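J.: Handing you this structure, nothing more for now.
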Amino acid sequence: MIGAGVSVISVVLSSIAQISIAPFITISGATINFNLLAIIFIATYTNRTTSVGALLLLTLLTGSITETPYEWVLLAYLPTIPLIYLIDLLRRNDDYTLITVVAAATVIGLWGRILMSIIAMSDGTPASFGTVISQILAPGILLDMIPVIIFYGIFKLAGPNKQRVVNTGYNT
Amino acid sequence: MPKLPRIAIMVTSLLLVIVLFSALGRTGNLEPVQNLFLIGSSPLSSGLSKGFKPLMGFFKDIGQADNLRKENTYLKQENEQLRNKNIELEITKKRIIELEQALKIRTTDLNTAFLAATVIGFIQLPFRAEISINLGSVDGIQTGNIVLSPQGSLVGRITSVTKNYSFVRLVTDSRSRIASQVLNSTTSGIISGKPTRELEFDLVIGNIKTGDILITSGLGGIFPADIPVGVIEKIAGTDQTAFPQITVTAFAQITNLRTVLVDTSFIAILPESR
């Protein structure tokens with residue numbers, strides 16, 4: 001219940017931050033993606049049902065306040081679903097969580113930016129393959145990876161999972 | 001009957017949700033939800049933006065203090081000159097209107113109606129640069145109205161309107177195309193946005209030089225004529241280059257916008273309405 005509440009607050013705040021703070025944090029043609037951060041951490045630290053619910057709420061909120069068609073927003077963040085299953089599988093081995101989360105954020109971020117570029121191009125934007133890579137995707141990778149690593153560090157230090165159970169075997 | 005795996009059910013459900021969202025979004029059935037979210041988010045969005053901007057500005061400007069001081073002095077001098085010029089132009093404009101009335105001709109539009117709107121959000125997605133404002137169809141805003149900065153420079157045009165809110169495609173959006181000309185010259189071209197939110201002056205016919213002021217030409221009917229857009233900052237290429245790369249600096253300080261003016265008397269002739 002607490003997880004669901006925190007997820008709703010995170011999604012609402014990330015959607016608002018996306019139209020108020022994000023435009024000031026840019027590299028070339030890429031902007032930081034707070035929604036990605038929120039959805040990745042919800043997928044990592046809550047259960048499947050909460051994550052899918054958060055994904056739907058994010059779609060409605062982001063679609064409404066950015067005027068992006070709802071179906072495209074949902075498609076952009078849809079790869080989070082396999083991530084939820086992957087995190088569940090890896091939950092027993094904490095060592096791989098950071099790598100999984102950063103890799104997932106990069107892939108989902110890339111997918112989202114490619115999708116948004118396709119929408120823009122289908123809407124009449126003349127852009128070359130090189131422009132998309134150099135001005136949108138490459139800086140986008142940086143803007144997706146760095147905040148995820150920083151936030152993951154903060155979560156590990158301040159979050160509920162800061163203590164790890166280590167199997168040391170029986171002392172006989 | 002074999003039991004379907006949970007993941008298959010979930011993926012099918014999500015695909016159905018995508019179709020549902022698509023259908024509801026296109027028929028406008030989600031507009032009340034959109035209005036609700038916009039109403040709820042706008043105060044927080046404005047507050048966050050207001051608080052965060054000076055912080056980012058501080059980090060950005062910290063290494064350029066000397067340049068900023070010089071620029072400030074130059075801008076103060078320029079501001080004084082422009083104020084004096086503005087007074088002269090106001091007097092001239094008044095005189096022109098008087099003469100037009102005496103001659104019973106009308107070229108100066110006296111019916112221009114501006115509505116002041118507050119910027120509630122900046123939308124920056126790949127190739128997209130838009131803002132949302134707190135005026136909608138109930139205030140008389142229509143798709144195709146043009147949006148200016150409080151100082152009168154071109155900001156963009158209304159592309160979508162809900163009951164209480166509207167979305168503005170900025171001049172820096174990659175899809176934006178503005179038929180323009182150099183002030184006091186016949187040189188014309190198209191100002192277009194770049195993915196990096198800068199402006200470029202393309203397909204130029206005529207001579208140009210750095211510092212030339214660009215205004216809308218009114219061709220195409222999407223923007224009215226004679227609205228200041230920007231100034232030519234850099235021309236890359238030699239005299240032999242057929243189409244040199246011309247970088248334009250917009251007059252409107254887009255990321256500093258708090259208030260904009262919507263010209264409700266002008267409605268663009270959009271391709272879809274032709």
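Here, each number is a calculation from the coordinates, and none is a lab measurement. From a predicted model like this one, the values you see are computed outputs, not experimental measurements. Here the Cβ positions follow ideal geometry from the backbone for every residue, glycine too, while neighbour counts run over all protein chains shown.
J.: Give the average, rounded to an integer, of partner chain Cβ atoms located within 10 angstrom of each Cβ in B:161-173. Each step should come with its number before you reach the end.
T.: Details: counts 0, 2, 0, 0, 3, 1, 3, 0, 1, 0, 0, 0, 3.
Taking all residues of B:161-173 together, the mean is 1.
J.: What are the residues whose amide H is under 5 Å from the amide H of B:V155, where those residues sit 5 or more places off or on another chain and H is modelled from the backbone?
T.: B:V147, B:L148, B:S149
J.: Let me ask something additional. Give the average, rounded to an integer, of partner chain Cβ atoms located within 10 angstrom of each Cβ in A:112-119.
T.: Details: counts 2, 3, 1, 2, 4, 6, 2, 4.
If you average over the peptide's residues, the count of other-chain Cβ atoms is 3.
J.: Could you identify which residue out of B:I91, B:I191, B:I246 has the top mean-square fluctuation in a GNM of chain B using Cα springs shorter than 10 Å?
T.: Top of the fluctuation ranking is B:I91.
J.: Which of the helices in chain B, when you take each full DSSP H run, stretch at least 15 Å along the axis at their Cα atoms and have an average Kyte-Doolittle score of 1.6 or higher?
T.: Helices passing the filter in chain B: B:6-27.
J.: Taking the Cα atoms only, what angle lies between the long axis of helix A:2-20 and the longest principal axis of chain A, rounded to 10 degrees?
T.: 30
J.: Neighbour counts of other C-beta atoms within 10 Å: give me B:T238, B:T249, B:T143 arranged from fewest to most.
T.: B:T238, B:T249, B:T143
J.: Report, in degrees rounded to the nearest 10, the 0 to 90 angle that the Cα long axis of helix A:80-90 makes with the longest principal axis of chain A.
T.: Helix A:80-90 sits at roughly 20 degrees to that axis.
J.: Per residue of B:43-51, how many C-beta atoms from partner chains lie within 10 Å of its own C-beta, taken as a mean?
T.: Numbers: counts 1, 5, 8, 3, 2, 6, 8, 1, 2.
Partner-chain Cβ atoms within 10 Å, mean over residues of B:43-51: 4.
J.: Also, quick follow-up: How many angstrom separate the Cα center of the stretch B:200-246 from the Cα center of the stretch A:1-79?
T.: 39
J.: Listing B:Y74, A:Y77 from the residue with the fewest other Cβ atoms within 10 Å to the one with the most, what is the order?
T.: Placing the least packed residue first, the sequence is B:Y74, A:Y77.
J.: While we're looking at this one, here's another question. Quickly work out the B:I267-to-B:L115 label distance, labels modelled 7 Å from Cα along the C-beta direction, and quote it in nm with one decimal.
T.: Calculated label separation equals 1.3 nm.
J.: Okay, next question. What list of ³J(HN,Hα) couplings, whole Hz, do you get for the stretch B:140-145 from phi and the Karplus terms 6.51, -1.76, 1.60, once you set θ to phi - 60° and write x for glycine and proline?
T.: These are the phi-based 3J(HN,Hα) values: x, 7, 10, 4, x, 5 Hz.
J.: What FRET efficiency do you get for A:S128 and B:K94 if R0 is 41 Å and r is their Cβ-Cβ distance, rounded to the nearest 0.05?
T.: 0.25
J.: Ok, one more. Evaluate the charge dipole of the stretch A:1-132 about its Cα centre and quote only its size in Debye, nearest 20, assuming +1 on the Cβ of each Lys and Arg and -1 on the Cβ of each Asp and Glu.
T.: Numbers: 4 positive and 6 negative charges, 35 e Å.
That gives the stretch A:1-132 a dipole magnitude of about 160 debye.
J.: Provide B:L55, A:L83 in ascending order of the number of other Cβ atoms located within 10 Å of each residue's Cβ, fewest first.
T.: B:L55, A:L83
J.: Could you tell me which of B:L154, B:N184, B:S132 has its Cα farthest along the dipole of the stretch B:130-238 towards the positive end, charges placed at Cβ (Lys, Arg +1; Asp, Glu -1), taken about the Cα centre?
T.: It is B:S132, whose Cα lies furthest towards the positive end.
J.: Something else: Under 5 Å between amide hydrogens, which residues at least 5 positions from B:G230 or on another chain qualify, with H placed 1.01 Å from N in the peptide plane?
T.: Amide H neighbours of B:G230: B:L214, B:F251.
J.: Restricting to bridges with both residues inside chain B, how much of the DSSP beta-bridge set is antiparallel, in percent to the nearest 5?
T.: 100
J.: Taking chain B as a Gaussian network, Cα atoms linked when under 10 Å apart, which of B:L89, B:L154, B:L44 shows the biggest mean-square fluctuation?
T.: B:L89
J.: For the stretch B:116-274, with the dipole built from +1 on Lys and Arg beta-carbon atoms and -1 on Asp and Glu ones, taken about the Cα centre, which of B:A242, B:I215, B:S174 lies farthest toward the positive end?
T.: Positive-end residue among those listed: B:S174.
J.: Excluding B:V182 itself, what net charge comes from residues whose Cβ is under 12 Å from its Cβ, given Lys and Arg +1 and Asp and Glu -1?
T.: It works out to a net charge of 0.
J.: Another question, if that's okay. Just subtract the alpha-carbon distance of B:Q245 and B:K50 from 0.36 nm times their residue separation and send over the number in nm, one decimal.
T.: Values: separation 195, 0.36 × 195 = 70.20 nm, distance 3.49 nm.
Length gained between B:Q245 and B:K50: 66.7 nm.
J.: Can I ask one more? Work out the charge dipole of chain A with +1 on the Cβ of Lys and Arg and -1 on the Cβ of Asp and Glu about the Cα centre, then indicate which of A:N35, A:V6, A:G109 is farthest towards its positive end.
T.: Value computed over the given set: A:V6.
J.: Cut-off 10 angstrom, C-alpha nodes, Gaussian network model of chain B. Which of B:G25, B:G152, B:G136 fluctuates the most?
T.: B:G25
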